[in-house]
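What follows is one structure encoded as structure tokens, with my remarks underneath.
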DNA sequence: TGATGTGTACTATTATACATAGTACACTGA
DNA sequence: TCAGTGTACTATGTATAATAGTACACATCA
């Protein structure tokens, strides 16, 4: 797979992250069609079921939508943010910050990374 | 366990995070002795082996040190930061940012959380 | 209509990680 | 000596990941 840096993630999670990133970068636009599970499986050297699992999660997250018999397409970006999604996400973020500080990484460096990430995506 | 918000983590990972947080908050100080694996197992309603796994990771991370036959103690905070540790950590942070943006969470909100976390730890 | 390509839903197998349980050992200190 | 350290080891049960194969309803197109 292309995203070598994410060795700690499962294959299907890497694929989900890869597609999310390409959407944020504007490489994939709303209405674009993703390769079929079988095509993507060949491209990424994965089992079709693994790709299907990634597509299923993207669909559940509202990132994509499925037109039965036609394919999977990129959805319009979310307009209103789910408060429950935010509440569920925050502990993850805070855990990452704790881990960073324990490694001796300053909050300033995290801010810098955040700024750079904002530029890239 | 006390850290209810981290249901997505394994028990031993929650314990590691809990101890790291208490160190950052100044509740646990360098030289302080952690409860024995058997004591902590009783406190946290865990199997001693699960606690041992958490202690092992803390030791490997340089967070604690072991005095054989005496116990596990909080180490002095890291002075110089391992560049390899930083390099390995950054993809994790970036993945979190991508996930946040996909949920519709703004970078500004992440900055705010970062500031609040800086105050707490 | 028939053929092809969609996503999806199954079953099954293998491998790995988590958590538990129990036992054993070298070490330290009273 | 004896109790309390961390650690190592085997074993079991559970859950998840990834694989493989099959099947089905649907849409499109010749």
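Computed from the coordinates by the stated procedures, all read-outs in this text should not be read as laboratory data. All values reported here derive from a predicted model rather than from experimental measurement. Quick reminder, even Gly has a Cβ in these numbers, built from the backbone with ideal geometry, and neighbours come from all protein chains shown.
Based on the Cβ-Cβ distance from residue A:79 to residue B:76, what FRET efficiency comes out when R0 is 41 Å, to the nearest 0.05? Don't skip to the answer; put the middle values down first.
Working: r = 49 Å, r/R0 = 1.20.
So, using R0 = 41 Å, E works out to roughly 0.25.
Nearest 500 deg cm²/dmol is fine: what mean residue ellipticity at 222 nm does chain B get from its DSSP H runs of n ≥ 4 alone, each adding -39,500 (n - 2.57), divided by its residue count?
Helix contribution divided over all residues of chain B: -18500 deg cm²/dmol.
Angle between the Cα long axis of helix A:83-102 and the longest principal axis of chain A, 0 to 90 degrees, nearest 10?
50 degrees
Which angle between 0 and 90 degrees, to the nearest 10, do you get for helix B:107-120 versus the longest principal axis of chain B when only C-alpha atoms count?
Between helix and principal axis, roughly 30 degrees.
Using alpha-carbon positions, what is the distance between the centroids of segment B:57-121 and segment A:25-99, in Å?
27 Å
Which whole-number percent is the relative contact order of segment A:21-72 (Cα, under 8 Å, 6+ apart)?
32 percent
Full extension from residue A:92 to residue A:118: what is 0.36 nm times the residue separation minus their Cα-Cα distance, to one decimal in nm?
Full extension of this stretch gives 7.5 nm more.
What does the copy distance list look like for residue A:118, label position 7 Å along Cα→Cβ, in nm and ordered from shortest?
Reported distances to equivalent positions: 1.3 nm.
At a Förster distance of 41 Å, what's the computed FRET efficiency of residue A:36 paired with residue A:109, Cβ-Cβ distance as r, to 0.05?
0.50
Identify, for chain B, the residue whose C-beta comes nearest the rotation axis onto chain A, and round that distance to whole Å.
That would be B:96, 3, residue then distance in Å.
Hey, for residue B:38 with labels 7 Å out along Cα-Cβ, what do the inter-copy distances come to in nm, ordered shortest first?
6.2
In nm, one decimal, shortest first: how far is the label point of residue B:76 (7 Å from Cα along Cα to beta carbon) from the matching points in the other copies?
Those separations, rounded to one decimal, come out as 6.0 nm.
Expressed in nm², what is the orientationally averaged projection area of the convex hull enclosing the Cα positions of the protein assembly as shown?
Orientation-averaged projected area of the Cα hull: 14.9 nm².
Quick one: grab the alpha carbon gyration tensor of segment B:1-98, order the square roots of its eigenvalues as a ≥ b ≥ c, and give me rounded if a/c is under 1.5, else prolate or oblate depending on whether a/b is larger than b/c.
Oblate, since a/c reaches 1.5 and b/c is not below a/b.
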